[in-house]
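Some notes on the structure that comes next.
The values are calculated or read from the model by the stated rules, or taken from the named source; none is laboratory data. As the structure is a computational prediction, the values presented were derived from the model and not from experiment. Virtual Cβ from ideal backbone geometry, glycine too; neighbours counted across all protein chains shown.
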Amino acid sequence: MKNVHATILLKNTEVTEVVKKYRRQDKKIVLTQGVFDLVHIGHARYCEEAKSHGDILVVGVDSDEKVRSRKGPDRPVVPQSERLEMLTYLRSVDFVALKELNTPKWQLIKTVRPDVLIATKHTYSKAEIKALEEFCGKVVVLEPMAVTSTSAKIRRMQLGVAKKISTTLSTKLISTIEDALQELKGEK
């Protein structure tokens, strides 16, 4: 049986309606954003900590197109539909909103106008944080919640595969060269 806690919001109008509803109930709204590719324990801890700053947690998720434009053609590993759904299973997440490539800068932040915006130390510069205070009650910067990031995990996997290929090819290449040299010498 599917036990989905959060709701996926694909349109800006849906986000606006949700925000209005909870503002009328005097709920403290928290917003965080990211790629959330290969969801791991750091993401879960991050969302739990974000939720502790308010009543309703909205998580903005970058679309596949937006991720590719920032991280390259091989990312994301997990398609947006699955990343969006995966986050709905985290108990701390109330709403998940898709962030498309061509939306204006900080559009989701300006739409939600969160009481608390949660970010990592690499997300915004000090000047940007100051500028964001116009749209947010406050900005809270969190430390990383896991030993490695998704990008680091992917790089480690790629390096492992490259090393295996290199070792295998080196062994086979040396053997092939030795065989060819023996043939040239007439030893085979």
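Side notes on the structure shown:
- Near pairs, Cβ below 6 angstrom, 6+ apart or cross-chain, from the range 74-93 (in the same structural domain as residue 53 (by TED's automatic domain parsing)) to any residue that is assigned to a loop (DSSP other than H, G, I, E, B) and among the polar types (S, T, N, Q): 80/63
- As a summary of the residue check, residue 136 satisfies the conditions (1) crowded, with 18+ Cβ neighbours inside 10 Å; (2) outside any loop (DSSP other than H, G, I, E, B); (3) not charged (D, E, K, R) except for the one numbered (2).
- The residue that is surrounded by the most Cβ atoms within 10 Å (Cβ to Cβ), counting only those in the range 75-116 that are of a type in the set (Lys, Arg) and under 16 Å from the mean Cα position of the chain (by Cα), is 83.
- Reported count of residues in the range 4-52, each being of a type in the set (Asp, Glu) and under 22 Å from residue 70 (Cα atoms), is 1.
- Taken together, the residues in the range 46-97 that are of a type in the set (S, T, N, Q) and closer than 19 Å to residue 144 by Cβ amount to 2.
- Where a residue in the range 42-65 is assigned by TED's automatic domain parsing to the domain that holds residue 81 and its partner, wherever it lies, is of a type in the set (A, V, I, L, M, F, W, C) and assigned to a helix (DSSP H, G or I), with Cβ under 6 Å and at least six apart: 57/50; 58/112; 59/87; 60/108; 61/84
- Any hit, the range 150-165, residues being surrounded by fewer than 16 Cβ atoms within 10 Å (Cβ to Cβ), modelled with pLDDT of 90 or more and of a type in the set (Ser, Thr, Tyr): no
- Set side by side, the residues 119, 97 differ, and just one is in a strand (DSSP E or B), at pLDDT 95 or above and of a type outside the set (Phe, Trp, Tyr), which is 97.
- Residue within the range 88-96 that is out of contact with any His (no Cβ under 9 Å at 6 or more places or on another chain) and closer than 24 Å to residue 139 by Cβ present: yes
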